[in-house]
Amino acid sequence: MIDNLDRSIMRTLQQDARVSYAEIAKTNKVSPATIHVRVEKLRKSGYIDGTHVHLNAKKLGYDVCCFIGINLARAGDYPTTLAKLEALPEVVEAHYTTGQYSIFIKVMVQSISDLQHLLIEKIQPIDEIQATETLISLQQPILRQVSV
């Protein structure tokens with residue numbers, strides 16, 4: 001179970017994962033050792049699952065972000081299809097969903113022609129995929145993690 005100090009630590013680390021334990025301790029009026037122990041507890045219990053660097057995809061030349069809804073031939077084809085999608089570096093997220101699609105993926109490519117190549121040469125030839133629908137993202141006005 002987490003308490004208010006744990007929530008405060010997680011909020012602070014979400015804003016700046018490089019902040020020192022001493023600085024977090026000072027803000028929360030506890031010792032740096034307490035923060036160290038709490039962060040380790042949060043890691044071991046799975047509340048904190050890593051420290052990440054967020055890269056700017058546009059600066060790296062990835063100008064096209066899109067979402068692809070995938071219909072599978074059979075529900076049992078999910079594990080095989082997921083393994084094939086995971087092997088594609090353009091696929092940056094995958095979700096097993098309810099509703100219209102079995103799988104919903106997010107892909108990042110450098111151009112529309114790269115997207116066309118990905119669809120025609122890599123995704124649609126996957127035997128287990130019955131159909132796809134592609135939605136191109138025009139902008140991403142909101143990007144945030146869950147709040148604590």
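Details
- Near pairs, Cβ below 7 angstrom, 6+ apart or cross-chain, from the stretch 115-129 (farther than 18 Å from Ala83 by Cβ) to any residue that is in a helix (DSSP H, G or I) and open to solvent by less than 70 Å² (accessible area, probe 1.4 Å): none
- Members of the stretch 102-118 found to be more than 21 Å from the chain's Cα centre (by Cα) and surrounded by 16 or more Cβ atoms within 10 Å (Cβ to Cβ), listed by number: Asp114
- Given (1) within 30 Å of Lys122 (Cα to Cα); (2) surrounded by 13 or more Cβ atoms within 10 Å (Cβ to Cβ); (3) modelled with pLDDT under 95, index of the condition Gln14 fails: (1)
- Residue count for the stretch 17-37, restricted to those that are closer than 23 Å to Arg144 by Cβ and either in a helix (DSSP H, G or I) or open to solvent by 40 Å² or more (accessible area, probe 1.4 Å) (or both): 6
- Which numbered condition Thr98 misses (of (1) farther than 23 Å from Ser147 by Cα; (2) in contact (Cβ under 8 Å) with a residue 12 or more places away in the chain; (3) out of contact with any Ser or Thr (no Cβ under 9 Å at 6 or more places or on another chain); (4) not in a helix (DSSP H, G or I)): (2)
- Residues satisfying the stated conditions in the stretch 70-81, i.e. surrounded by 18 or more Cβ atoms within 10 Å (Cβ to Cβ) and either aliphatic (A, V, I, L, M) or part of a strand (DSSP E or B) (or both): Ile70, Leu72
The values are calculated or read from the model by the stated rules, or taken from the named source; none is laboratory data. This is a predicted model, so every value here is computed, not measured. So basically every Cβ, Gly included, is an ideal-geometry build from the backbone, and we count neighbours across all protein chains shown. Side chains included, ligands, DNA and RNA excluded: accessible areas come from the protein's heavy atoms. Shrake-Rupley method; radii C 1.70, N 1.55, O 1.52, S 1.80 Å.
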